[in-house]
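Participant: Quick one: the structure is below, and I'll ask about it shortly.
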Amino acid sequence: AQSVSQHNHHVILSEAASLELGCNYSYGGTVNLFWYVQYPGQHLQLLLKYFSGDPLVKGIKGFEAEFIKSKFSFNLRKPSVQWSDTAEYFCAVNAHQAGTALIFGKGTTLSVSS
Amino acid sequence: ETGVTQSPTHLIKTRGQQVTLRCSSQSGHNTVSWYQQALGQGPQFIFQYYREEENGRGNFPPRFSGLQFPNYSSELNVNALELDDSALYLCASSNRVDTGELFFGEGSRLTVL
């Protein structure tokens, strides 16, 4: 069965620190990869996506993620976090031919102190 | 451009009852999917509707059913509620049927006592 693992349940950082959130998936076929973010009190929204091409993708608010096919990974990074990045981050996988069905990880809560 | 709206935002039911949750898609979106998010977990795919027909389903029993209307709004119905059905139910819409690039609503929180 397909699954997504997020390595960290809760990450606490100070402003300006660098961020890397791990995500690994298990699926043997072609996939689309996503990071979604949920800011406090807001709905889940797309942060960035990978469909094909350059494995390094850039999203909103300075976030980027790198797809490493050999490692089945899609880690999220940001060089310098801000207090406003405090949120819950979800990695998700969508297998080709699976329509809009996303397999989500359990999420990582990021707390940034100013 | 309005976003995805869901109603009600919160509701409490007792075991064995039935519930209907409603969703209005983002303008121009013809595909709706529903997710269940239990506390401390990521969202779990229930099913997808396109052109008023279910065309994808996750690992949920038949007592979870849905409808999509000509205006692309949607309903999620759950019969014979169980305690484990307590969760946040998320509706998401898309203008494509073949992508996980979704626009989510804020959800309906269901508590089953």
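The values are calculated or read from the model by the stated rules, or taken from the named source; none is laboratory data. None of these values were measured; they are calculated from a predicted model. All Cβ positions, glycine included, derive from the backbone under ideal geometry; neighbour counts span all protein chains shown. What goes into the accessible areas is simple: the full protein's heavy atoms, side chains included, and nothing from ligands, DNA or RNA. Shrake-Rupley method; radii C 1.70, N 1.55, O 1.52, S 1.80 Å.
Participant: Basic (Lys, Arg) and within 14 Å of another protein chain (Cβ to nearest Cβ) - does that describe any residue in segment A:68-77?
Facilitator: Looking for residues that are basic (Lys, Arg) and within 14 Å of another protein chain (Cβ to nearest Cβ), one finds none in segment A:68-77, hence no.
Participant: Yes or no: A:Ile68 of a type in the set (A, V, I, L, M, F, W, C), farther than 30 Å from B:Glu54 by Cβ and over 11 Å from the mean Cα position of the chain (by Cα)?
Facilitator: When the stated conditions are applied, A:Ile68 passes them.
Participant: Can you name every residue in segment A:60-91 that is out of contact with any Pro (no Cβ under 8 Å at 6 or more places or on another chain) and closer than 27 Å to B:Gly58 by Cβ?
Facilitator: Of everything in segment A:60-91, those that are out of contact with any Pro (no Cβ under 8 Å at 6 or more places or on another chain) and closer than 27 Å to B:Gly58 by Cβ turn out to be A:Ala65, A:Lys71, A:Phe72, A:Ser73, A:Phe74, A:Asn75, A:Leu76, A:Glu88, A:Tyr89, A:Cys91.
Participant: Another question about this same structure. Starting from segment B:22-50, keep only residues that are more than 8 Å from every other protein chain (Cβ to nearest Cβ), then list their pairs with residues that are of a type in the set (Asp, Glu) whose Cβ atoms are within a distance under 9 Å, requiring at least 6 positions of separation or different chains.
Facilitator: Listed by first residue and then by second, the contacts come to B:Arg22/B:Glu75; B:Cys23/B:Glu75; B:Gln26/B:Glu1; B:Ser27/B:Glu1; B:Gly28/B:Glu1; B:Gln36/B:Asp85; B:Ala38/B:Asp84; B:Phe47/B:Glu54.
Participant: Among the residues of segment A:72-114, count how many are assigned to a loop (DSSP other than H, G, I, E, B), open to solvent by 30 Å² or more (accessible area, probe 1.4 Å), in contact (Cβ under 8 Å) with a residue 12 or more places away in the chain and not polar (S, T, N, Q).
Facilitator: Matching residues across segment A:72-114 total 4.
Participant: In segment B:85-103, which residue that is open to solvent by 10 Å² or more (accessible area, probe 1.4 Å) and touching a residue at least 12 places away in the same chain (Cβ under 8 Å) is nearest to the other protein chains (Cβ to nearest Cβ)?
Facilitator: Restricting to residues being open to solvent by 10 Å² or more (accessible area, probe 1.4 Å) and touching a residue at least 12 places away in the same chain (Cβ under 8 Å), the top hit is B:Val97.
Participant: Answer yes if at least one residue in segment A:48-62 is hydroxyl-bearing (Ser, Thr, Tyr) and either within 14 Å of chain B (Cβ to nearest Cβ) or outside any helix (DSSP H, G or I) (or both), and no otherwise.
Facilitator: yes
Participant: Does A:Ser3 count as open to solvent by 30 Å² or more (accessible area, probe 1.4 Å), touching a Ser or Thr at 6+ places or on another chain (Cβ under 8 Å) and within 11 Å of chain B (Cβ to nearest Cβ)?
Facilitator: For A:Ser3, the condition - open to solvent by 30 Å² or more (accessible area, probe 1.4 Å), touching a Ser or Thr at 6+ places or on another chain (Cβ under 8 Å) and within 11 Å of chain B (Cβ to nearest Cβ) - is met.
Participant: Go through (1) open to solvent by 60 Å² or more (accessible area, probe 1.4 Å); (2) over 24 Å from B:Tyr49 (Cα atoms) and name the single condition A:Thr30 misses.
Facilitator: Only one criterion is unmet by A:Thr30, namely (2).
Participant: Tell me, please, whether a residue that is within 14 Å of chain B (Cβ to nearest Cβ), of a type in the set (Phe, Trp, Tyr) and either closer than 11 Å to A:Tyr36 by Cα or in contact with a Lys or Arg (Cβ under 8 Å, 6 or more places away or on another chain) (or both) can be found in segment A:103-110.
Facilitator: yes
Participant: Could you list all residues from segment B:57-81 that are more than 15 Å from B:Val19 (Cβ to Cβ), crowded, with 16+ Cβ neighbours inside 10 Å and either touching a Ser or Thr at 6+ places or on another chain (Cβ under 7 Å) or more than 12 Å from chain A (Cβ to nearest Cβ) (or both)?
Facilitator: B:Gln68, B:Tyr72, B:Ser73
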